[in-house]
Amino acid sequence: MIDIKDRWALVTGSSRGIGMRVAKALAEKGCKLILHSRKLEGTRDVLEEIKSMGNEVYAVEAELDSPTEVSRLIEEVKEITNDHLDILYNNAAIMTTYQPIFEPTVEEYTKSFMVNTIVPAKLCDAFLPGMIERNWGRVVNVTSGIADQPQLMPYSCSKAALDRYVRDTVATLDGTNVLMNLMDPDWLRTDLGGSDAPNDPDSVLPGALVPVLLEKEKGSGTLYLAQDYAVKTA
Ligand SMILES: NC(=O)c1ccc[n+]([C@@H]2O[C@H](COP(=O)([O-])OP(=O)(O)OC[C@H]3O[C@@H](n4cnc5c(N)ncnc54)[C@H](OP(=O)(O)O)[C@@H]3O)[C@@H](O)[C@H]2O)c1
C-alpha cells in the first residue's frame with residue numbers, strides 16, 4: 001500500500017453516497033481534497049468535516065450535464081492544484097428510472113452518456129497528460145456490474161462505454177506510475193441504489209480505496225470489486 005499523504009484528489013459527486021465516503025477516506029489518508037457536487041451547498045457539511053481533520057480542502061460546483069460547467073470545473077481544479085492533480089476519482093453518475101424496455105428517450109440516453117461517460121472521459125483527458133508527465137497518478141472510474149436489466153438501458157450502456165474508455169486507454173499508461181482502473185461498488189442503499197439494495201453504503205470501504213493505493217507494479221485496467229474487501233458481519 002502506498003503513501004498518498006499530501007496528494008491532490010478530486011472526487012466527483014462527493015456530496016453523498018459513495019463519493020462522500022471516498023472523499024473522507026482519502027482525507028483520512030492525508031490527501032488534499034477537492035469536493036464536487038452540483039451546488040456548493042451539497043458538499044458544505046463534508047467540507048467542514050474534512051477541514052476539521054486538518055486537511056486542505058476545497059469545494060467546486062458543476063452540473064455535469066453542461067459542457068460549459070464541465071470546462072469551468074476543469075479550469076478551477078487546475079487553478080486550485082496549480083495544475084497538479086494526483087488522484088482523479090470519477091464517481092458522479094445518474095441513473096434513469098426503471099421503465100419498460102424500448103421506451104427510453106433520446107434525452108435520457110444523451111444525458112446518461114454525458115454525465116456517466118463523456119464527463120469522466122473528458123476529466124481523464126484533462127488530467128492524465130499532467131500525471132504522465134510527472135509519472136504519478138491514480139485514476140478510478142466507478143462502473144457498475146449491472147447486467148440483464150434492459151429497463152435501465154441508458155445507464156448500463158453509458159457504464160459499458162466508460163469501461164471501454166478505460167480498456168482502450170490503459171495501454172498508453174504501460175510502464176508508468178499512472179494507474180487507471182475501474183471500481184464496482186455492487187448494489188448499495190444510496191440515493192441512486194435505492195432502499196432495496198442489499199449492501200450498506202459503508203461497505204464500499206475499504207475496497208473503494210484499493211485502486212488508489214496500488215503499487216505501480218499492479219498496473220492498470222483491472223476491475224476492482226469493493227465488496228471483495230468489505231468486512232462481513234454475521
Ligand atoms: N449505489 C449503487 O448501488 C451503485 C451500484 C453500482 C454503481 N454505482 C455507481 O457509484 C457511483 C456513485 O453512486 P451513488 O450510489 O453514491 O450515487 P448518489 O448517492 O445518488 O450520489 C450521486 C452523486 O453524484 C452527483 N451527481 C449526480 N448527478 C449529477 C450531475 N448531473 N452533475 C453533477 N453531479 C451529479 C451528486 O451530486 P448532488 O448531490 O449535487 O446531486 C452526488 O454527489 C455512480 O457512478 C454509480 O453509478 C452505484
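How about segment 24-78: which trypsin sites (Lys or Arg not before Pro) there lie in a loop by DSSP and see at most 12 other Cβ atoms within 10 Å?
Values: sites: Lys24, Lys29, Lys32, Arg38, Lys39, Arg44, Lys51, Arg72, Lys78; in loops: Lys29, Arg38, Lys39.
Of the trypsin sites (Lys or Arg not before Pro), the ones in loops of segment 24-78 whose Cβ has at most 12 other Cβ atoms within 10 Å are Lys39.
The count of lysine pairs in the chain with alpha-carbon distances below 16 Å, taking only pairs 8 or more places apart or on different chains, stands at 13. When a/c is below 1.5 the answer is rounded, else prolate if a/b is larger than b/c, else oblate, so apply that to segment 166-230 with a ≥ b ≥ c taken from the square roots of the Cα gyration tensor eigenvalues. Here segment 166-230 falls in the prolate category. A cut-off of 5 Å between modelled amide H atoms, ignoring neighbours fewer than 5 places along the same chain, links Thr222 with Leu182. Coupling constants for segment 84-98 follow from the phi torsions by the Karplus curve (6.51 cos²θ - 1.76 cosθ + 1.60, θ = phi - 60°), and in residue order they are 9, 6, 9, 10, 10, 10, 7, 10, 4, 7, 10, 10, 6, 6, 5 Hz; glycine and proline get x.
For the residues Gly54, Gly221, Gly207, a GNM of the chain with alpha-carbon springs under 10 Å puts the largest fluctuation on Gly54.
The ellipsoid equivalent to the alpha-carbon distribution of the chain has semi-axes of 25, 20, 19 angstrom, derived from the gyration tensor eigenvalues as √(5λ) and listed largest first.
Each residue, Asp168 and Ala197, gets one label point 7 Å from its Cα in the Cβ direction; the gap between the two is 2.9 nm. Compare Ala23, Ala92, Ala161 in a GNM of the chain, Cα atoms joined below 10 Å, and give the one with the largest fluctuation. Per the Cα network of the chain with a 10 Å cutoff, Ala161 tops the list. A Gaussian network model of the chain, with springs between Cα atoms under 10 Å, assigns the largest mean-square fluctuation among Asn82, Asn91, Asn55 to Asn82.
No value in this document is a laboratory result; all are computed from the given coordinates. All values derive from a computational prediction rather than experimental measurement. We place every Cβ from the backbone using ideal geometry, glycine too, and count neighbours over all the protein chains shown.
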